[in-house]
1. For the range 102-130, give me each residue that is of a type outside the set (Gly, Ala, Ser), farther than 28 Å from Ile67 by Cβ and not in a helix (DSSP H, G or I).
2. Within the range 159-211, track down each residue that is of a type in the set (D, E, K, R) and open to solvent by less than 40 Å² (accessible area, probe 1.4 Å).
3. Sort out which residues of the range 36-74 are farther than 30 Å from Met169 by Cα and in contact (Cβ under 8 Å) with a residue 12 or more places away in the chain, and write them in order of number.
4. Among the listed residues Thr29, Thr45, identify the single one that is hydroxyl-bearing (Ser, Thr, Tyr) and surrounded by fewer than 15 Cβ atoms within 10 Å (Cβ to Cβ).
5. Quick test for you: out of Ala36, Ala19, pick the one residue that is under 28 Å from Tyr123 (Cα atoms) and modelled with pLDDT of 85 or more.
6. In the range 75-118, which residues are aliphatic (A, V, I, L, M), closer than 18 Å to Met169 by Cα, open to solvent by less than 70 Å² (accessible area, probe 1.4 Å) and within 21 Å of the chain's Cα centre (by Cα)?
7. Any chance the range 138-157 includes a residue that's outside any helix (DSSP H, G or I), closer than 22 Å to Lys18 by Cβ, at pLDDT below 95 and open to solvent by 50 Å² or more (accessible area, probe 1.4 Å)?
Amino acid sequence: MNKKQKKQSGEDNRKLTKAEELRKEKYETMREQLLAQGYRERDMTIGIVYANVMAIVIGLPIILPFIILFIKFSPATLDDLTNTNFVWFWILFIAGTVVHELIHGTVWAIFAKGHFKSIQFGYIAEYVTPYCCCMETLSKSPYIIGALAPTVLLGILPCLIAIANGSWMLLILGCLMIIGGGGDMTIVLKLLRYHSECREVLYIDHPYKCGTMIFERD
């Protein structure tokens, strides 16, 4: 077993919380029902460490143009950066990580039949990773919209506003939120690369891993 496989195995075998255990039981029931209905299962999950690494790999090329545009076109100066209130910055950053998951849940709840009853939140202490889980099957577009919505609303939009008003704080927060959404973008790219020939394709969050499971049938 190589280092990557050992790391993935460690993530998969982590001790689940009580809420995750209950969610796992519910998922297994749904899985058995879907398989009995003729669906085939495809695992589209990724490792948590891999997701965090890819967040940087994918996020950096996205934030670079915003930084360049900010320096070139915004009215901000370096003096404005030194005057930034970093107490408020950290308050807003922590709030942003919470709101990030709430946006996932809100968007998926709009599309889910059970609405917020189908949405659960959690926190993986070992990896300092909060998460949102939709325990209901969704079609491809709603799932992807919900996955990307926090990065757009908390990352890209603030960066655009920062360029217009010259706010260093807003730029830095937006860039960090884009990097924070890199794991979501990694999952979305994996889904977009997968092309199914089946007429019915359903997407459901894994109950405790990072990513989604696909169930498809002809």
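The values are calculated or read from the model by the stated rules, or taken from the named source; none is laboratory data. Note that the structure is a prediction, hence the values are computed from the model and not measured. For neighbour counting, all protein chains shown are included, and Cβ atoms are generated from backbone atoms with ideal geometry for every residue, glycine included. The protein model used for the area step is the full one, side chains on, heavy atoms only, and it has no ligands, DNA or RNA in it. Shrake-Rupley method; radii C 1.70, N 1.55, O 1.52, S 1.80 Å.
1. Lys113, Ile119, Gln120, Phe121, Tyr123, Ile124
2. Asp184, Asp205
3. Answer for the range 36-74, where residues must be farther than 30 Å from Met169 by Cα and in contact (Cβ under 8 Å) with a residue 12 or more places away in the chain: Gln37, Gly38, Tyr39, Arg40, Glu41, Arg42, Asp43, Met44, Thr45, Ile46, Gly47.
4. Among Thr29, Thr45, only Thr29 is hydroxyl-bearing (Ser, Thr, Tyr) and surrounded by fewer than 15 Cβ atoms within 10 Å (Cβ to Cβ).
5. Among Ala36, Ala19, only Ala19 is under 28 Å from Tyr123 (Cα atoms) and modelled with pLDDT of 85 or more.
6. Ala95, Val99
7. Checking the range 138-157: not a single residue is outside any helix (DSSP H, G or I), closer than 22 Å to Lys18 by Cβ, at pLDDT below 95 and open to solvent by 50 Å² or more (accessible area, probe 1.4 Å).
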